[in-house]
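Heads up: the structure comes next, in structure tokens.
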Amino acid sequence: TLQFSEGHVMQRVILGVGGGIVLKQYVLGDASDIFWLIEQSREYLNHYNSDMPRKYPTERSVYESILWPKNPKRLRLGIWHDTVLVGGINVAPADDTGGDPFAEVGYWLGAPYEGRGYVARSLQCLAAYAFNSMGMHMLYANVLSDHFRSRRVLERAGFQKQSGGSGGMLGYCLEKSVWVERLK
């Protein structure tokens, strides 16, 4: 259970992926594990133009981002393999879509855990949660055009390239109807 300063209480989201992998909504006690993984992976994350190293220069900055998130609607989850944090994944519902709800997904991985299928499996689980529990009709993601592994993860999950984007980014989306069809 998560307790907020206004007295609101909500259940912590925990999603079983399988194979010892669990997605757990960040809590304050995760700050040291998150910071340690970012610290161990700064060069790797910078290579892929991640803003994680810049946003979280200290453990305190991670702690504060959990306590006072910039976007409170964003569901931020750690990717845990047994008791080890290997990365993170999130889904951020768009504000006032004026139609069918959609959300942006994002993810990051610590350098030692790349290429082991953590993000691919976590993304499948998160898509199921976003479509079935959050009521989303479409998910989208932006990825660096030269980050071929990340592009492949999205494509394997059913995301389709939508645009050339700008600044070296590519846009991908996954509609719920496509996702449901892939499950058949």
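The values are calculated or read from the model by the stated rules, or taken from the named source; none is laboratory data. In this text, all values refer to a predicted model and were calculated from it rather than measured experimentally. Here the Cβ is made from the backbone with ideal geometry for all residues, glycine too, and neighbour counts use every protein chain on show. Keep in mind that these areas ignore ligands, DNA and RNA; they rest on the heavy atoms of the full protein, side chains included. Shrake-Rupley method; radii C 1.70, N 1.55, O 1.52, S 1.80 Å.
For segment 90-184, the C-alpha radius of gyration divided by 2.2 N^0.38 Å, with N the number of residues, is 1.06. A run of the chain free of exposed loop cleavage sites, with GluC sites (Glu not before Pro) counted only in DSSP states other than H, G, I, E and B and at most 16 other beta carbons within 10 Å, reaches its longest extent at 7-113.
Can you tell me which of LEU126, LEU67, LEU154 moves the most in a GNM of the chain? Springs connect C-alpha atoms under 10 Å apart. Largest GNM mean-square fluctuation: LEU67. In this view, the solvent-accessible surface of LYS161, computed with a 1.4 Å probe and all protein chains in place, comes to about 120 Å². The Cα atoms of segment 136-184 cover 35, 19, 13 Å along the three principal axes, with the biggest extent listed first. Of VAL105, VAL84, VAL22, the residue with the greatest mean-square motion in the GNM of the chain, using alpha carbon springs below 10 Å, is VAL84. Less than 11 Å from a label point 7 Å out along the Cα-to-Cβ axis of VAL13: which backbone N atoms in segment 26-50 qualify, by residue? Residues 26 fall inside that zone. A simple spin-label model places the labels of ASP146 and GLU181 3.5 nm from each other, with each point 7 Å out along Cα-to-Cβ.
Quick check: residue separation of GLU104 and ARG54 times 0.36 nm, minus the Cα distance between them. What number comes out in nm? Don't jump to the answer; show the numbers that get you there.
Working: separation 50, 0.36 × 50 = 18.00 nm, distance 2.08 nm.
Computed gain between GLU104 and ARG54 is 15.9 nm.
Note down the Stokes-Einstein diffusion coefficient of segment 34-91 in µm²/s, whole number, using a Kirkwood radius over alpha carbon pairs, 25 °C, and 0.890 mPa s. Could the numbers behind the result be given before it?
Numbers: Rh = 12.1 Å.
Roughly 203 µm²/s, to the nearest whole number.
Round to the nearest 0.05 the FRET efficiency obtained for ASP82 and GLN162 when R0 = 35 Å and r is the Cβ-Cβ distance. Don't jump to the answer; show the numbers that get you there.
Working: r = 36 Å, r/R0 = 1.03.
FRET efficiency, ASP82 to GLN162: 0.45.
With an 8 Å cut-off on Cα pairs and a minimum separation of 6 or more residues, tell me the relative contact order of the chain in percent. Write down the numbers at each step before the final one.
Working: 283 pairs, mean separation 29.1, N = 184.
Computed value for the chain: 16 percent relative contact order.
What residues from segment 95-130 fall in the zone where the backbone N is under 16 Å from a label point 7 Å along the Cα-to-C-beta line of MET169? Within reach of a label on MET169: 95, 103-108. Our coupling estimate for segment 168-173, obtained by passing each phi through the Karplus curve with A = 6.51, B = -1.76, C = 1.60 and θ = phi - 60°, is x, 9, 10, x, 10, 9 Hz, Gly and Pro reported as x. Using the Kirkwood formula on the Cα atoms of segment 81-134, what hydrodynamic radius do you get, in angstrom to one decimal? Mean inverse Cα-Cα distance, inverted, gives 12.5 Å.
Sparse packing (at most 15 other Cβ atoms within 10 Å of the Cβ) combined with a DSSP loop state is found for the following trypsin sites (Lys or Arg not before Pro) in segment 57-126: LYS70, LYS73, ARG74, ARG116.
Legend: helices of the chain (whole DSSP H runs) are marked when their alpha-carbon atoms reach 20 angstrom or more along the helix axis and their mean Kyte-Doolittle hydropathy is at least 1.0; nothing is marked. Shape class of the chain from the alpha-carbon gyration tensor: rounded, with the ratio a/c of largest to smallest axis under 1.5.
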